[in-house]
Structure formats: C-alpha cells, structure tokens
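Trainee: Mind having a look at this structure? Questions to follow.
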Amino acid sequence: MRHLIDLITLSKATITTLLDKAELYKTKYLDTNATLDAFKGKIIANLFFESSTRTLLSFQIAAHRLGAIVLTPNMKQASTLKGESLLDTIHTLEAMGTDLFVVRHTDNNVAQFIASELHGPTSIINAGDGNNHHPTQALLDLMTIRQHKQQFETLTVAIVGDIIHSRVARSLVTGLKIMGVKQLNLTAPKLWVPDYVGETNIKIFNSLTDGLADVDVIIALRIQRERIQDKLIPNPEKYFQEFGITAEKMTVAKNDAIVMHPGPMNRGVEIDSQVADGAQSVILQQVSNGVAMRMAIMDSLLG
Ligand code: NCD
C-alpha cells in the first residue's frame, strides 16, 4: 500500500491487519505515552484546505509519536493565495523531501488527483475529500466497533442522519461491507438517502424507531450544513424530534448497543447530551483510537 485514498480496494485481510496494528500501537505506545524514533528524519506534511479539529490534531499527534518531522502549513495563508497552483505547492514540498502528504479538501477526488501527479515516491493519505471518502475515520470506527463487539458478521449497524452528504458514511458503508457486517440500516430523511444503496444487506429507513430496532451499533452524523443549500437545511428542533438520538428512542436497540459519532457533535440536533455522555457512548474512545489508527496507517505506508 503506497497511498490511502479510500477503502474500496482494500481486502478484509488488509483491514484486519491495520486494526491489529492499531491495537498494538494503542497498548504499546499510547497507553504508556511513549514516543518512537521509527520515523526519524521522515517529513509528514498535513495539507488541510478545509477546517478540522480532531482529524488534524490526531494526525499531528500520530506523526509526532512516530518521531517524524511534522509540517502543518496554514493552507489558507499559503502561496496558493499568491496564485500558485495546488500542484506547484505539492511539487515544491516534494522537492523539499516530504515523505507523506495528509490531504483534506472541500472538493471530491483531490487526494486522488495529487497522487496521480506526484513526481517521486511520496505517499498520500486522504483525510477527507468533499462528500466522497474519509478512510481513516472509517478505520478508527471499525477499530472501535471491534473492541466492543469482537467481530462484524453478526452485527446490525444503524447509520443515522445526513448520509448523502457524509464522507464518513460512505467510507463506513464500504468498510463495514468489506468486513462482512450482517446488516446496515441507513436511517435518514427521504431527501438524504444516498445513491449507493440497493444491496441485499443494506436497508433504508425514514423513521428512527424502525431504523434502530435491534441494532448493535448506532452511528449519528452531523448535518453537513456546509454542503447543503440554506433552504434545504431542516429546522433543528424538528429534526431533533424526528432523527435526534435520545435515550427513549434507543430503547428499541439492543441493550448493549454502542453509540458513535465522528464529531463535531451538534448536541440537541442529531444527538441528545444524555446519550452523548451516557454509558453506551464510545465517542471519546473513537477519538483516542484515531491516534493509534493513524500511527498504524502511516507505518503501513512508510514503515
Ligand atoms: C467528519 C468529517 O470531517 O467528515 N469529522 C471528522 O473527520 N471527525 C464529520 C463531520 O464533519 O461532520
């Protein structure tokens, strides 16, 4: 594996190896606060053309923990503003010896485009492109699910909310299918049902009570306002009544169902605070796993 652009071409065995490696990093290094010198002299550049908190910080921590030289230029003030093309910026950083680009962009397929235009052996990780893919988020989510449920084959997973505009949902659906999940309940308002449905183990629900029935895992999504025309953004109170995950609505799910959210959360819109901070929530565990998973991914690409 040289780049990680999406999960589509990965096998179950490759994903399992990544999950195992991330577990190793978690117990061996993160739980003990250790820093490695495995990446001494390697240069990792985080190119975030779209804002980010946890994903960017998680990549920065992962790269520092591996002992790399970490560059995080402010892409909003970078020389692209002086008229330099994206590719000239990339080739400049390549010429300085960058080993890995971590790229986030508002447009679809930017990471893929950069990967196809590189002059040398630099690797690329897609940290989210438009509403397209977010492979590292999906992998850390798979890691979190496996920690609680041990396997995927017997699981019914509900993904709830703004599925159509969510790169997290698209990558998760891909990843969960590769891992052989039993059933996926895509639960969304009619307008937000994605176009990648139609497979036997994917069911569509427009009601939360139906979509959450007997599920093992609940994944709530933020309304991706930045990708929706203002007039199509629902009223937050009304949306919460219909699609907000509350303790009461969750009673139809399995008793040991876990609740996940990629963050940032809009409390009182897609999720109630009682659930987000409740005993079944694994949301902060997802964040911790993100660092271990990104160490594992970087190690697999550059190690
Ligand atoms: C997600 C993203 O950026 O796609 N967040 C994340 O990476 N943790 C989801 C979101 O922004 O709602």
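Trainee: Can you tell me which residues in the range 18-54 are over 20 Å from Gln77 (Cα atoms) and among the hydroxyl-bearing types (Ser, Thr, Tyr)?
Mentor: First pass over the range 18-54, keeping only residues over 20 Å from Gln77 (Cα atoms): 18-43, 54.
The answer is Tyr25, Thr27, Tyr29, Thr32, Thr35.
Trainee: Sticking with this one: List the pairs whose first member sits in the range 168-194 and is in a loop (DSSP other than H, G, I, E, B), whose second member is crowded, with 24+ Cβ neighbours inside 10 Å, and whose Cβ atoms are under 6 Å apart, counting only residues at least 6 apart or on separate chains?
Mentor: Val181/Val157; Ala188/Ile163; Pro194/Ile163
Trainee: In the list Leu191, Leu232, which residue meets the criterion of being of a type outside the set (D, E, K, R), open to solvent by 80 Å² or more (accessible area, probe 1.4 Å) and farther than 18 Å from Ala169 by Cα? Steps first, answer last, please.
Mentor: Working: Leu191 fails: farther than 18 Å from Ala169 by Cα.
Being of a type outside the set (D, E, K, R), open to solvent by 80 Å² or more (accessible area, probe 1.4 Å) and farther than 18 Å from Ala169 by Cα holds for just one of Leu191, Leu232, which is Leu232.
Trainee: Return the residue satisfying two criteria in turn: it lies in the range 30-59 and is of a type outside the set (A, V, I, L, M, F, W, C) and surrounded by 18 or more Cβ atoms within 10 Å (Cβ to Cβ), and of such residues it is nearest to Leu302 (Cα to Cα). Reasoning before the result, please.
Mentor: Here is the first cut: in the range 30-59, the residues of a type outside the set (A, V, I, L, M, F, W, C) are 31-33, 35, 37, 40-42, 46, 50-55, 58.
Then keep just the ones that are surrounded by 18 or more Cβ atoms within 10 Å (Cβ to Cβ); that gives 42, 46, 50, 55, 58.
Working: Lys42: 9, Asn46: 15, Glu50: 25, Thr55: 19, Ser58: 18 Å.
Here the answer is Lys42.
Trainee: Could you list all residues from the range 248-271 that are over 30 Å from Asn33 (Cβ atoms) and open to solvent by less than 40 Å² (accessible area, probe 1.4 Å)? It would help to see each step written out before you state the result.
Mentor: So in the range 248-271, the residues over 30 Å from Asn33 (Cβ atoms) come out as 248-257, 266-271.
Matches in the range 248-271: Met250, Ala253, Ala257, Gly268, Val269, Glu270, Ile271.
Trainee: Can you go through Ala247, Ala276, Ala253, Ala220 and tell me which one is more than 30 Å from Ile5 (Cβ to Cβ) and within 16 Å of the ligand (Cβ to nearest atom)?
Mentor: Details: Ala247 fails: within 16 Å of the ligand (Cβ to nearest atom); Ala253 fails: within 16 Å of the ligand (Cβ to nearest atom); Ala220 fails: more than 30 Å from Ile5 (Cβ to Cβ).
Step by step, each of Ala247, Ala276, Ala253, Ala220 is checked, and only Ala276 is more than 30 Å from Ile5 (Cβ to Cβ) and within 16 Å of the ligand (Cβ to nearest atom).
Trainee: Kindly indicate whether any position in the range 110-120 is closer than 26 Å to Gln224 by Cβ, out of contact with any Leu (no Cβ under 7 Å at 6 or more places or on another chain) and without any contact (Cβ under 8 Å) to a residue 24 or more places away in the chain. Give the steps one after another, and end with the answer.
Mentor: Applying the first criterion (closer than 26 Å to Gln224 by Cβ) to the range 110-120 yields 110-115.
Subset that is out of contact with any Leu (no Cβ under 7 Å at 6 or more places or on another chain): 110-115.
From what is left, the residues that are without any contact (Cβ under 8 Å) to a residue 24 or more places away in the chain are 113.
Among the residues of the range 110-120, at least one is closer than 26 Å to Gln224 by Cβ, out of contact with any Leu (no Cβ under 7 Å at 6 or more places or on another chain) and without any contact (Cβ under 8 Å) to a residue 24 or more places away in the chain, which makes the answer yes.
Trainee: Shifting gears a bit: For the range 231-303, give me every one of the helices (runs of 4 or more DSSP H) that falls completely inside it and has 1 or more residues that are closer than 19 Å to Thr187 by Cα.
Mentor: Numbers: elements: 236-243, 273-276, 283-302.
Of the helices (runs of 4 or more DSSP H) lying wholly inside the range 231-303, those with at least 1 residues that are closer than 19 Å to Thr187 by Cα span 236-243, 273-276.
Residues checked against (1) out of contact with any Gly (no Cβ under 6 Å at 6 or more places or on another chain); (2) modelled with pLDDT of 95 or more; (3) under 16 Å from Ser171 (Cα atoms):
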residue	(1), (2), (3)
Thr89	yes, no, no
Glu94	no, yes, no
Thr98	yes, yes, no
Phe113	yes, yes, no
Ser123	yes, yes, no
Ala127	yes, yes, yes
Gly130	yes, yes, yes
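Trainee: Please determine, by comparing only the residues of the range 283-303 that are touching a strand residue (DSSP E or B) at 6+ places or on another chain (Cβ under 7 Å) and open to solvent by less than 10 Å² (accessible area, probe 1.4 Å), which one is farthest from the ligand (Cβ to nearest atom). Outline the logic, then answer.
Mentor: In the first step, residues of the range 283-303 are kept if they are touching a strand residue (DSSP E or B) at 6+ places or on another chain (Cβ under 7 Å); the result is 283, 286, 297-298, 301-302.
The next check asks that each one be open to solvent by less than 10 Å² (accessible area, probe 1.4 Å); those that pass are 286, 297-298.
On the way: Gln286: 8, Ile297: 14, Met298: 17 Å.
Per the stated criteria, the residue is Met298.
Trainee: Any residue that is of a type in the set (A, V, I, L, M), more than 22 Å from Gln60 (Cα to Cα), under 16 Å from the mean Cα position of the chain (by Cα) and in a helix (DSSP H, G or I) - is there at least one of those in the range 149-165?
Mentor: Looking through the range 149-165, none of the residues is of a type in the set (A, V, I, L, M), more than 22 Å from Gln60 (Cα to Cα), under 16 Å from the mean Cα position of the chain (by Cα) and in a helix (DSSP H, G or I).
Trainee: Next question, about the same structure. Among (1) open to solvent by less than 40 Å² (accessible area, probe 1.4 Å); (2) of a type in the set (A, V, I, L, M, F, W, C); (3) more than 28 Å from His119 (Cα to Cα), which single condition is Leu24 missing?
Mentor: (1)
Trainee: Can you pull out the residues in the range 112-137 that are surrounded by 24 or more Cβ atoms within 10 Å (Cβ to Cβ) and near the ligand (Cβ under 10 Å from one of its atoms)?
Mentor: Ala127, Gly128, Asp129, His133, His134, Thr136, Gln137
Trainee: Let me ask something additional. Examine the range 199-218 for a residue that is free of Cβ contacts under 8 Å to residues at least 12 places away in the same chain and either closer than 30 Å to Thr98 by Cα or not in a helix (DSSP H, G or I) (or both), and state whether such a residue exists.
Mentor: Of all residues in the range 199-218, those free of Cβ contacts under 8 Å to residues at least 12 places away in the same chain come to 200.
If we keep only those that are either closer than 30 Å to Thr98 by Cα or not in a helix (DSSP H, G or I) (or both) as well, we get 200.
Within the range 199-218, one or more residues are free of Cβ contacts under 8 Å to residues at least 12 places away in the same chain and either closer than 30 Å to Thr98 by Cα or not in a helix (DSSP H, G or I) (or both).
Trainee: Select from the range 138-164 the residues that are open to solvent by 30 Å² or more (accessible area, probe 1.4 Å) and away from the ligand (no atom under 16 Å from the Cβ) and list them in ascending order. Quick ask: steps written out before the conclusion?
Mentor: Here is the first cut: in the range 138-164, the ones open to solvent by 30 Å² or more (accessible area, probe 1.4 Å) are 146-148, 150-151, 153-154, 164.
The answer is Arg146, Gln147, His148, Gln150, Gln151, Glu153, Thr154.
The values are calculated or read from the model by the stated rules, or taken from the named source; none is laboratory data. The structure presented is a predicted model; accordingly, all values stated were derived computationally and were not measured. Glycine also receives a Cβ, built like all others from the backbone with ideal geometry; neighbour counts cover every protein chain displayed. The area values use the complete protein model at the heavy-atom level, side chains included, leaving out ligands, DNA and RNA. Shrake-Rupley method; radii C 1.70, N 1.55, O 1.52, S 1.80 Å.
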